[in-house]
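In what follows, a single structure is set out as C-alpha coordinates and then discussed.
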Amino acid sequence: MRRRVFVRCGCLALVFLLAGFAVWWVRNRSPLYQSVVTVAFVTKTSHFAGEVYDHFTDNHIFTALATERFFDNPGTRDRLRAMGGTAKFSYEVAHWGNQELPVYGQPYATLQSLSSDPKESIDTLNLALKLLTQKLAALQTSAGANGRVMIKWEMIGSILGPQRQPLQKSRAIAGIGLSAMLVTVVVMRLTRDRSRDTPGRPSESLLMTPGTPRRPRPSRLAGTNT
(Lines give C-alpha, C1' and ligand atoms only; values in the text may rest on other atoms or scores of the structure.)
Protein backbone atom coordinates (compact mmCIF):
# COMPACT_ATOMS: atom_id res chain seq x y z
CA MET A 1 0.00 0.00 0.00
CA ARG A 2 2.74 2.44 0.95
CA ARG A 3 4.70 1.62 -2.19
CA ARG A 4 1.65 2.34 -4.35
CA VAL A 5 1.25 5.75 -2.73
CA PHE A 6 4.91 6.60 -3.36
CA VAL A 7 4.62 5.59 -7.03
CA ARG A 8 1.47 7.65 -7.50
CA CYS A 9 2.92 10.75 -5.85
CA GLY A 10 6.13 10.44 -7.85
CA CYS A 11 4.30 10.12 -11.16
CA LEU A 12 2.01 13.06 -10.42
CA ALA A 13 4.95 15.22 -9.36
CA LEU A 14 6.74 14.38 -12.62
CA VAL A 15 3.63 15.19 -14.68
CA PHE A 16 3.17 18.62 -13.07
CA LEU A 17 6.89 19.36 -13.33
CA LEU A 18 6.92 18.62 -17.06
CA ALA A 19 3.70 20.59 -17.60
CA GLY A 20 5.14 23.59 -15.76
CA PHE A 21 8.32 23.44 -17.81
CA ALA A 22 6.31 23.22 -21.05
CA VAL A 23 4.22 26.27 -20.09
CA TRP A 24 7.37 28.23 -19.25
CA TRP A 25 8.93 27.23 -22.58
CA VAL A 26 5.88 28.30 -24.59
CA ARG A 27 5.55 31.62 -22.77
CA ASN A 28 9.21 32.63 -22.85
CA ARG A 29 11.18 30.57 -25.34
CA SER A 30 8.83 29.59 -28.14
CA PRO A 31 6.78 32.57 -29.38
CA LEU A 32 5.43 32.76 -32.93
CA TYR A 33 5.73 35.90 -35.05
CA GLN A 34 3.42 36.71 -37.93
CA SER A 35 3.97 39.07 -40.84
CA VAL A 36 1.01 39.75 -43.12
CA VAL A 37 0.09 42.04 -45.99
CA THR A 38 -2.93 42.44 -48.27
CA VAL A 39 -2.43 43.35 -51.92
CA ALA A 40 -4.77 44.25 -54.77
CA PHE A 41 -4.19 43.59 -58.47
CA VAL A 42 -4.71 46.70 -60.59
CA THR A 43 -3.74 48.21 -63.92
CA LYS A 44 -2.64 51.81 -63.60
CA THR A 45 -2.46 53.97 -66.69
CA SER A 46 -2.29 57.69 -67.32
CA HIS A 47 -6.09 57.78 -67.07
CA PHE A 48 -6.17 56.07 -63.67
CA ALA A 49 -8.26 58.03 -61.21
CA GLY A 50 -10.35 57.35 -58.14
CA GLU A 51 -10.04 54.38 -55.82
CA VAL A 52 -8.37 51.08 -56.62
CA TYR A 53 -11.61 49.10 -56.45
CA ASP A 54 -13.16 51.32 -59.14
CA HIS A 55 -10.91 49.64 -61.74
CA PHE A 56 -11.34 45.94 -60.94
CA THR A 57 -12.11 43.65 -63.87
CA ASP A 58 -12.34 39.92 -64.42
CA ASN A 59 -8.76 39.93 -65.70
CA HIS A 60 -7.55 41.15 -62.32
CA ILE A 61 -9.46 38.38 -60.54
CA PHE A 62 -8.05 35.74 -62.92
CA THR A 63 -4.55 37.08 -62.28
CA ALA A 64 -5.02 36.80 -58.52
CA LEU A 65 -6.19 33.19 -58.88
CA ALA A 66 -3.29 32.34 -61.19
CA THR A 67 -0.75 33.63 -58.69
CA GLU A 68 -2.49 31.67 -55.92
CA ARG A 69 -1.96 28.45 -57.86
CA PHE A 70 1.62 29.54 -58.44
CA PHE A 71 2.30 29.80 -54.70
CA ASP A 72 0.49 26.52 -54.01
CA ASN A 73 2.94 24.74 -56.28
CA PRO A 74 5.56 22.74 -54.31
CA GLY A 75 8.21 23.91 -56.75
CA THR A 76 7.47 27.54 -55.87
CA ARG A 77 7.72 26.80 -52.16
CA ASP A 78 11.05 25.06 -52.73
CA ARG A 79 12.24 28.08 -54.66
CA LEU A 80 11.12 30.39 -51.85
CA ARG A 81 13.05 28.32 -49.30
CA ALA A 82 16.11 28.31 -51.53
CA MET A 83 15.98 32.12 -51.59
CA GLY A 84 15.98 32.16 -47.78
CA GLY A 85 12.25 32.20 -47.03
CA THR A 86 12.15 29.43 -44.45
CA ALA A 87 9.10 30.62 -42.48
CA LYS A 88 5.70 28.99 -42.91
CA PHE A 89 4.00 30.85 -45.77
CA SER A 90 0.43 31.09 -47.06
CA TYR A 91 -1.24 32.94 -49.93
CA GLU A 92 -5.02 33.27 -50.11
CA VAL A 93 -7.30 35.17 -52.48
CA ALA A 94 -10.24 36.90 -50.80
CA HIS A 95 -13.59 35.26 -51.45
CA TRP A 96 -17.09 34.82 -50.11
CA GLY A 97 -18.76 31.54 -49.32
CA ASN A 98 -16.74 28.62 -48.00
CA GLN A 99 -13.70 26.64 -49.09
CA GLU A 100 -15.79 24.17 -51.09
CA LEU A 101 -17.78 26.82 -52.99
CA PRO A 102 -15.75 30.05 -52.96
CA VAL A 103 -17.08 33.12 -54.75
CA TYR A 104 -14.40 35.45 -56.06
CA GLY A 105 -15.52 39.00 -56.67
CA GLN A 106 -12.49 41.19 -55.98
CA PRO A 107 -8.78 40.66 -56.70
CA TYR A 108 -7.47 40.95 -53.16
CA ALA A 109 -4.89 38.51 -51.83
CA THR A 110 -3.40 38.07 -48.37
CA LEU A 111 0.19 36.93 -47.93
CA GLN A 112 1.21 35.66 -44.51
CA SER A 113 4.37 34.21 -42.98
CA LEU A 114 4.71 32.65 -39.54
CA SER A 115 7.90 31.77 -37.68
CA SER A 116 9.46 31.63 -34.23
CA ASP A 117 12.10 34.06 -35.53
CA PRO A 118 10.75 37.58 -36.25
CA LYS A 119 13.44 38.32 -38.84
CA GLU A 120 12.73 35.06 -40.62
CA SER A 121 9.04 35.94 -40.70
CA ILE A 122 9.45 39.36 -42.34
CA ASP A 123 12.21 38.17 -44.68
CA THR A 124 10.01 35.37 -46.01
CA LEU A 125 7.18 37.81 -46.70
CA ASN A 126 9.46 40.22 -48.56
CA LEU A 127 10.87 37.39 -50.67
CA ALA A 128 7.34 36.22 -51.48
CA LEU A 129 6.45 39.72 -52.70
CA LYS A 130 9.55 39.65 -54.88
CA LEU A 131 8.46 36.33 -56.37
CA LEU A 132 4.98 37.76 -56.92
CA THR A 133 6.42 40.65 -58.93
CA GLN A 134 8.47 38.29 -61.08
CA LYS A 135 5.53 35.95 -61.69
CA LEU A 136 3.18 38.76 -62.72
CA ALA A 137 5.71 40.06 -65.24
CA ALA A 138 6.38 36.58 -66.64
CA LEU A 139 2.69 35.72 -67.01
CA GLN A 140 1.84 38.85 -68.95
CA THR A 141 5.01 39.08 -71.02
CA SER A 142 4.55 35.52 -72.24
CA ALA A 143 1.00 36.42 -73.29
CA GLY A 144 2.25 39.43 -75.28
CA ALA A 145 1.08 42.15 -72.89
CA ASN A 146 2.44 45.66 -73.24
CA GLY A 147 4.72 46.70 -70.40
CA ARG A 148 2.91 50.01 -69.99
CA VAL A 149 -0.51 48.52 -69.26
CA MET A 150 0.42 45.44 -67.28
CA ILE A 151 -1.39 44.28 -64.16
CA LYS A 152 0.61 44.92 -61.01
CA TRP A 153 0.05 44.40 -57.33
CA GLU A 154 -0.50 47.30 -54.98
CA MET A 155 -0.16 47.07 -51.23
CA ILE A 156 -3.28 47.87 -49.20
CA GLY A 157 -2.08 49.74 -46.16
CA SER A 158 1.29 48.45 -45.02
CA ILE A 159 2.97 45.26 -43.87
CA LEU A 160 1.82 44.23 -40.41
CA GLY A 161 4.49 42.59 -38.36
CA PRO A 162 6.37 40.78 -37.35
CA GLN A 163 3.81 40.56 -34.54
CA ARG A 164 3.89 38.14 -31.64
CA GLN A 165 0.90 35.83 -31.66
CA PRO A 166 -0.73 35.57 -28.19
CA LEU A 167 -3.54 33.39 -29.54
CA GLN A 168 -1.10 30.66 -30.52
CA LYS A 169 0.48 30.86 -27.07
CA SER A 170 -2.88 30.57 -25.32
CA ARG A 171 -3.83 27.54 -27.39
CA ALA A 172 -0.52 25.86 -26.61
CA ILE A 173 -0.92 26.45 -22.86
CA ALA A 174 -4.49 25.13 -22.95
CA GLY A 175 -3.30 22.02 -24.79
CA ILE A 176 -0.56 21.44 -22.21
CA GLY A 177 -3.06 21.77 -19.36
CA LEU A 178 -5.47 19.33 -20.99
CA SER A 179 -2.69 16.82 -21.62
CA ALA A 180 -1.57 17.07 -17.99
CA MET A 181 -5.12 16.38 -16.80
CA LEU A 182 -5.44 13.32 -19.03
CA VAL A 183 -2.09 11.92 -17.88
CA THR A 184 -3.11 12.52 -14.26
CA VAL A 185 -6.31 10.51 -14.77
CA VAL A 186 -4.32 7.67 -16.35
CA VAL A 187 -1.82 7.63 -13.47
CA MET A 188 -4.61 7.57 -10.89
CA ARG A 189 -6.29 4.64 -12.63
CA LEU A 190 -3.09 2.64 -13.04
CA THR A 191 -2.03 3.09 -9.41
CA ARG A 192 -5.38 2.57 -7.74
CA ASP A 193 -5.92 -0.17 -5.18
CA ARG A 194 -7.17 -3.11 -7.21
CA SER A 195 -7.85 -5.32 -4.21
CA ARG A 196 -11.15 -3.55 -3.73
CA ASP A 197 -12.25 -4.55 -7.20
CA THR A 198 -11.64 -8.29 -6.45
CA PRO A 199 -14.50 -9.92 -4.60
CA GLY A 200 -13.40 -11.32 -1.24
CA ARG A 201 -13.24 -15.01 -0.52
CA PRO A 202 -16.31 -16.41 1.16
CA SER A 203 -15.96 -17.24 4.79
CA GLU A 204 -15.01 -20.71 5.77
CA SER A 205 -18.32 -21.19 7.53
CA LEU A 206 -20.04 -20.76 4.14
CA LEU A 207 -17.70 -23.23 2.47
CA MET A 208 -18.33 -25.97 5.05
CA THR A 209 -21.19 -28.32 4.30
CA PRO A 210 -23.34 -28.77 7.34
CA GLY A 211 -23.22 -32.34 8.57
CA THR A 212 -26.07 -34.46 9.80
CA PRO A 213 -27.11 -33.20 13.20
CA ARG A 214 -26.50 -35.61 16.01
CA ARG A 215 -29.46 -36.90 17.85
CA PRO A 216 -29.30 -36.39 21.53
CA ARG A 217 -28.64 -39.55 23.47
CA PRO A 218 -31.69 -40.70 25.37
CA SER A 219 -31.44 -40.24 29.06
CA ARG A 220 -31.35 -43.29 31.24
CA LEU A 221 -34.61 -44.28 32.76
CA ALA A 222 -34.53 -44.45 36.48
CA GLY A 223 -35.20 -47.94 37.85
CA THR A 224 -38.47 -48.62 39.66
CA ASN A 225 -38.49 -49.96 43.22
CA THR A 226 -40.44 -53.09 43.77
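Give the residues of segment 58-103 that are farther than 19 Å from Thr38 by Cβ and among the β-branched types (Val, Ile, Thr), sorted by residue number.
Hits for segment 58-103 are Thr76, Thr86.
Since Arg79 meets every condition but one in (1) at pLDDT 90 or above; (2) closer than 23 Å to Thr43 by Cβ; (3) surrounded by fewer than 17 Cβ atoms within 10 Å (Cβ to Cβ), which condition does it not meet?
(2)
Among the residues of segment 59-100, what is the count of those that are within 23 Å of Lys119 (Cα to Cα), part of a helix (DSSP H, G or I) and not acidic (Asp, Glu)?
Result for segment 59-100: 7.
Could you check segment 110-139 and list, in sequence order, the residues that are crowded, with 19+ Cβ neighbours inside 10 Å, of a type outside the set (Val, Ile, Thr) and more than 9 Å from Gly85 (Cβ to Cβ)?
Once the filter is applied, which keeps residues that are crowded, with 19+ Cβ neighbours inside 10 Å, of a type outside the set (Val, Ile, Thr) and more than 9 Å from Gly85 (Cβ to Cβ), segment 110-139 yields Leu111, Gln112, Leu114, Ser115, Ser121, Leu132, Leu136.
I need a count of the residues in segment 83-102 that are more than 23 Å from the chain's Cα centre (by Cα) and either modelled with pLDDT of 95 or more or not small (Gly, Ala, Ser) (or both).
Total satisfying the criteria: 5.
Of (1) out of contact with any strand residue (DSSP E or B) (no Cβ under 9 Å at 6 or more places or on another chain); (2) modelled with pLDDT under 90; (3) not hydroxyl-bearing (Ser, Thr, Tyr), Pro74 satisfies all except one. Which?
Result: Pro74 fails condition (2) only.
Considering only residues that are modelled with pLDDT of 75 or more and in a helix (DSSP H, G or I), which ones fall in segment 150-183?
In the first step, residues of segment 150-183 are kept if they are modelled with pLDDT of 75 or more; the result is 150-164, 181.
The answer is Met181, and nothing else.
The values are calculated or read from the model by the stated rules, or taken from the named source; none is laboratory data. What you see is a predicted model; the values in this text were computed from it and never measured. Cβ sites come from the backbone with ideal geometry, for glycine too, and all protein chains shown count toward neighbours.
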